[in-house]
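Heads up: the structure comes next, in structure tokens.
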Amino acid sequence: MPVREFKELRVYQQAYGAATEIFEHSKEWPKEETYSLTDQIRRSSRSVCANIAEAWRKRRYENHFVSKLSDADAEAAETRTWLQFGRDSGYLSEESFEDLDSTYNHICGGLVNMMKDPEPWCGPDAAREPNIPYDSS
């Protein structure tokens, strides 16, 4: 399937959907969390998306592509940690936590698989999403 822009990547779509869901959940969190947990989880979840977008634009150079995917993976892992704090503080239900944590687990798996085999994604002719599994579902 031809991919014309990063928004068409499954891993980006998953990350964007999860970040949007986190934003909606965090609207209900206490005011005292505004500049701590709320801000941190919103920033890290959005950063996953931003780093995937940057990786896509840098795919002409394999090392740059992998580096930005690595940044996205690190932000996803950070988001998973903030999700745990949200659950343990009573701001997220167990069900919401499990759903979001599972989504981020799939995102991390997808990013790792893309990093393990970046060649199909990179180079001047990298205009198609390779027919390789890159999510862990």
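None of the figures in this text is laboratory data; all of them are computed from the coordinates on show. Bear in mind that the values here come from a model prediction, so they are computed numbers and not experimental data. Positions of Cβ are generated from backbone atoms using ideal geometry, with glycine treated the same way; all protein chains shown enter the neighbour counts.
Once the C-beta distance of S93 and T34 is scaled by a Förster radius of 22 Å, the resulting FRET efficiency is 0.60 to the nearest 0.05.
With K and R counted +1 and D and E -1, the other residues having a Cβ less than 9 Å from that of F23 yield a net charge of +1. The distance between label points at Q13 and A77 comes to 2.8 nm (points 7 Å beyond Cα on the Cα→Cβ vector). For the stretch 1-108, the list of trypsin sites (Lys or Arg not before Pro) that fall in a loop by DSSP and count at most 13 other C-beta atoms within 10 angstrom reads R4, K27, R60.
Coordinate range of the alpha-carbon atoms in the stretch 8-121 per principal axis, descending: 44, 25, 21 Å.
Between N105 and R42, take the C-beta separation as r, use R0 = 30 Å, and let me know the FRET efficiency to the nearest 0.05.
So the FRET efficiency works out to roughly 0.95.
Sorted ascending by nearby beta carbons within 10 Å, beginning with the fewest, S96, S45 become S96, S45. Summing charges over neighbours of R43, with a neighbour being any other residue whose Cβ is under 12 Å away from its Cβ, gives -1 when K and R count +1 and D and E count -1. Between K116 and R57, the simple spin-label model (points 7 angstrom out along Cα→Cβ) gives 3.0 nm.
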